[in-house]
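The structure under discussion appears below in the form of structure tokens.
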Amino acid sequence: MPHSRIVGTGSYLPEKIVSNKDLEATIDTSDEWIRERTGIRCRHIAADDEKTSDMAVIAARRAIEAAGIDVQEIDLIVMATTTPDKIFPSTACIVQRKLGIEGGAAFDVQAVCSGFVYGLDIAHRFIKTGGAKTVLVIGAETMSRIVDWQDRSTAVLFGDGAGAVILQASEEEGIVSTHIHSDGSLEETLHVPYGVSQGYDAVCDGRAFIVMNGNTVFRKAVSMLGAIARETLDGNNIDKKDLDWLVPHQANMRIITAAAKKFGLPMERVVVTVDTHANTSAASIPLALDIAVRDGRIKRGELMLLEAFGAGLTWASALIRY
Ligand code: ACO
């Protein structure tokens, strides 16, 4: 059976930056409160005419270029998003068209902030079983469209962006293992309470926004990340001291710090982008990964743990020899 290996990464952030100070002008909040409670200083926000697929395509092109592959080699696109361009077709198919890819298959995965790691899990299994050879895995989000900008409890937390990787069949080890979980009983802890099958516009008058119990999500996130880290390391007989990098979902600096502490990892070994990107949901991990690869921090041969949690609730991890 072949291994599956990351051969290229790419990312994209919209041009417009909104700082905490900017938010002070529209809601009852402060730069100090946001930085202290979340570690966030600013976030990128998509332009009015910028869609999830537009950001995804730019991130994908950068990953394709880094991998040095021909775009027609891609035989599967797995697109993680909770903010698709349209109800249908899938944003993956829209990306396929925009990239001019003529064959293969493309579909979306909906696991909110865990979506990219879910996507990696699926791509890894396709490659291991011979179903695909070169997979484009994307996480891209326009969270700004489902944020109520008058609700200070959520408006300060989210941002937009996209990240992508090319995963390819290889003789060399790459993805060591992937782990995915969900608990649907916690649906209302974090959700957008409206959707198509409820009649959408009729029930919410276009106000389909994120509703969250921040304290519960915080506590659950810390315990889920601890559990999945143990499951991943124990399942591979790996000691936490063998880990070179932690690339966590970027939701809150305090959650990231707690996760790093459990590993005894110094913060220099943890990739942090939440300060400037905020929470970009499914895009957060591939964005952080690409930034640390491109600035030379993450090097070939190093061992990293990707770990995510999100609405569902869902949580997921991937242990990767880069
Ligand atoms: N500015 C100023 N004050 C605020 C703000 C704000 N933006 N938001 C809330 N407050 C106030 C509250 O009203 C409350 O005031 P009170 O004491 O007078 O009632 C006070 O600050 C404390 O509020 P808490 O909710 O207890 O603050 P906490 O320290 O828990 O931080 C936070 C809130 C940042 C949301 C935290 O709970 C958190 O990060 N949770 C995890 C959220 C998360 O990760 N969500 C994304 C999941 S990923 C996905 O799938 C989309």
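The values are calculated or read from the model by the stated rules, or taken from the named source; none is laboratory data. Keep in mind the model is a prediction, meaning the values are calculated, not measured. Every residue, glycine among them, receives a Cβ derived from its backbone with ideal geometry; neighbour counts consider all protein chains shown. Accessible surface is based on the protein model in full, side chains and every heavy atom, while ligands, DNA and RNA are left aside. Shrake-Rupley method; radii C 1.70, N 1.55, O 1.52, S 1.80 Å.
Residues that are open to solvent by 20 Å² or more (accessible area, probe 1.4 Å), within 27 Å of Ser53 (Cα to Cα) and either within 14 Å of the ligand (Cβ to nearest atom) or small (Gly, Ala, Ser) (or both) within the stretch 163-179 comprise just one, Ala169. Please verify whether Phe116 is aromatic (Phe, Trp, Tyr) and either away from the ligand (no atom under 16 Å from the Cβ) or open to solvent by 10 Å² or more (accessible area, probe 1.4 Å) (or both), treating the condition exactly as stated. Taking the combined requirement at face value, the residue does not satisfy it.
The numbered conditions (1) of a type outside the set (A, V, I, L, M); (2) within 21 Å of Gly310 (Cβ to Cβ); (3) touching a strand residue (DSSP E or B) at 6+ places or on another chain (Cβ under 6 Å); (4) touching a residue at least 40 places away in the same chain (Cβ under 8 Å) are all true for Ser90 except (4). Comparison of Asp108, Asp160, Asp121, Asp148 shows that the only residue that is surrounded by fewer than 22 Cβ atoms within 10 Å (Cβ to Cβ) and either touching a residue at least 40 places away in the same chain (Cβ under 8 Å) or not β-branched (Val, Ile, Thr) (or both) is Asp148.
Of the residues making up the stretch 197-225, just one is polar (S, T, N, Q) and not in a helix (DSSP H, G or I), namely Asn213. Among the residues making up the stretch 282-322, a single one is aromatic (Phe, Trp, Tyr) and either outside the structural domain of Thr216 (by TED's automatic domain parsing) or farther than 19 Å from Gly115 by Cα (or both): Tyr322.
Specify the residue that is nearest to the ligand (Cβ to nearest atom); the eligible residues are those in the stretch 19-44 that are of a type in the set (A, V, I, L, M) and either open to solvent by 20 Å² or more (accessible area, probe 1.4 Å) or part of a helix (DSSP H, G or I) (or both). Reasoning before the result, please.
Residues of the stretch 19-44 of a type in the set (A, V, I, L, M): 23, 25, 27, 34, 40.
Retained after the next criterion (residues that are either open to solvent by 20 Å² or more (accessible area, probe 1.4 Å) or part of a helix (DSSP H, G or I) (or both)): 23, 25, 34.
Working: Leu23: 8, Ala25: 13, Ile34: 6 Å.
Checked the stretch 19-44; the qualifying residue nearest to the ligand (Cβ to nearest atom) is Ile34.
When Val270 is tested against the conditions (1) surrounded by fewer than 22 Cβ atoms within 10 Å (Cβ to Cβ); (2) within 14 Å of the ligand (Cβ to nearest atom); (3) without any contact (Cβ under 8 Å) to a residue 40 or more places away in the chain, the lone failure is (2).
Of the numbered criteria (1) modelled with pLDDT of 95 or more; (2) open to solvent by 70 Å² or more (accessible area, probe 1.4 Å), the one Gly235 fails is (2). Residues that are open to solvent by less than 10 Å² (accessible area, probe 1.4 Å), over 11 Å from the mean Cα position of the chain (by Cα) and not charged (D, E, K, R) within the stretch 278-297 comprise Ala278, Ala292, listed in sequence order. Just one of (1) modelled with pLDDT under 95; (2) within 16 Å of the ligand (Cβ to nearest atom) trips up Arg207, so point out which. The failed condition is (2).
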